[in-house]
């Protein structure tokens, strides 16, 4: 009896398998391998670089290249490359390269530290070269726009160091060699000045400007007059820059313009971002400002930040856009969700991409009308703390 039941069960299983085999679709064709997609040499204006610092596992940071004009996720993500341990990047369109300063350890999370400049090709998103940097010097902190800068017609790269002494290393991008280091004691970051000079902001409220010789050595240095007080009227270190004028926002909603197109930076008359009924508003966030090709400047604004200690990093509810020549606000962009960082795209119809810290998505707005366009998410991002408009 038991044998009969076993034979019957086996027969039923074989019959089911035969039916399944008859209904099974034909096998998929063999896919070709070794195909490498390429990107355009100059990224379109609607493309952005989303810097996911991987805040909770920083050895796995990534830069996503996103086409914000597309509706479908598969069309939005154009590629990615790594950036390790809170590095900084700089797009250099004239060279078709992206500079990336990052840090590795020989045993992954331990061992000997190695700081490198990795040079990525924009078309293939492949590393084409690297320059080993002096160990333990490069600035390591939240991503910043003001820690890398090209000089000498994009032939040199200036890299800000904080160890904790401050200095600037110069790398020849043609020979891939370090050509020198310029000390900047008491002064930090790198702001574009003339082609053979750079400026830095100092703790005593002044700006330092260093002019270089043809071999990269220091020619001279000059200091501006003080334009802020670190204790009583601090400013953010990251200004929007239009036509050689850097607009440093203060914690209190005041803007401090500084002309940086000569051997000495020149502070100009400050002005206020807020009106008489907006006294509690002030800039706030991680990436709090930007500029566009129309000459306008943007600020991420918090309705409760002015005068509240520690609120300068909290983010904001709106982005305010100004014509710096008339010192007039021309647009308010109310955000769908709280904003933490943002970037402005290039072109005559600029788009604004904003990090939403509520769900760590990014949200797109029209820079001319303030209209919300779309949310972009699900592309693998975890902590997209810094954004870059494609250059």
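Looking at segment 225-291, the pairs of alpha carbons with a distance over 18 Å make up 36% of the total.
Can you give me the angle between helix 2-23 and the longest principal axis of the chain, using Cα atoms only, in degrees from 0 to 90, rounded to the nearest 10? On a 0 to 90 degree scale, this one is about 50. Note on residue 358 and residue 24: the model spin-label points, each 7 Å out from Cα along the C-beta direction, lie 4.9 nm apart.
The helix-only estimate of mean residue ellipticity at 222 nm for the chain, built from DSSP H runs of length n ≥ 4 each weighted as -39500 (n - 2.57), is -2000 deg cm²/dmol after division by the residue total.
Cα centroids of segment 202-235 and segment 43-121: 30 Å apart.
Give me the percent relative contact order of the chain, please, defined on Cα pairs under 8 angstrom at least 6 residues apart.
It comes to 11 percent, rounded to a whole number.
Given R₀ = 41 Å, what would the calculated FRET efficiency be for residue 230 paired with residue 35, taking r from the Cβ atoms and rounding to 0.05? After rounding to 0.05, the efficiency reads 0.15. Taking the chain as a Gaussian network of alpha-carbon nodes connected by springs under 10 Å, the highest mean-square fluctuation of the residues 227, 48, 198 belongs to 227. Pop the C-beta distance of residue 294 and residue 104 into the FRET formula with R0 = 41 Å and round what comes out to the nearest 0.05. Calculated value: 0.50. Where in segment 239-261 is the amide nitrogen less than 16 Å from a point lying 7 Å along the Cα-to-Cβ axis of residue 220? Counting backbone N atoms under 16 Å from the label point, the list is 261. Computed over the alpha-carbon atoms, the chain gives an Rg to Rh ratio of 1.12, Rh here being the Kirkwood radius from the mean inverse distance. Using a simple spin-label model with pseudo-atoms 7 Å out from Cα toward Cβ, residue 60 and residue 348 lie 4.5 nm apart. For segment 286-366, the relative contact order comes to 26 percent (Cα pairs under 8 Å, sequence separation of at least 6). For a paramagnetic label modelled on residue 130 (point 7 Å from Cα along Cα→Cβ), amide N atoms under 18 Å away belong, within segment 46-62, to 58-62.
Read-outs: derived from the displayed coordinates by stated rules, not from any lab. Here the structure is a predicted model, which is why all the values come from computation and not from measurement. Reconstructed Cβ throughout: ideal geometry from the backbone, glycine too, with neighbour counts over all protein chains shown.
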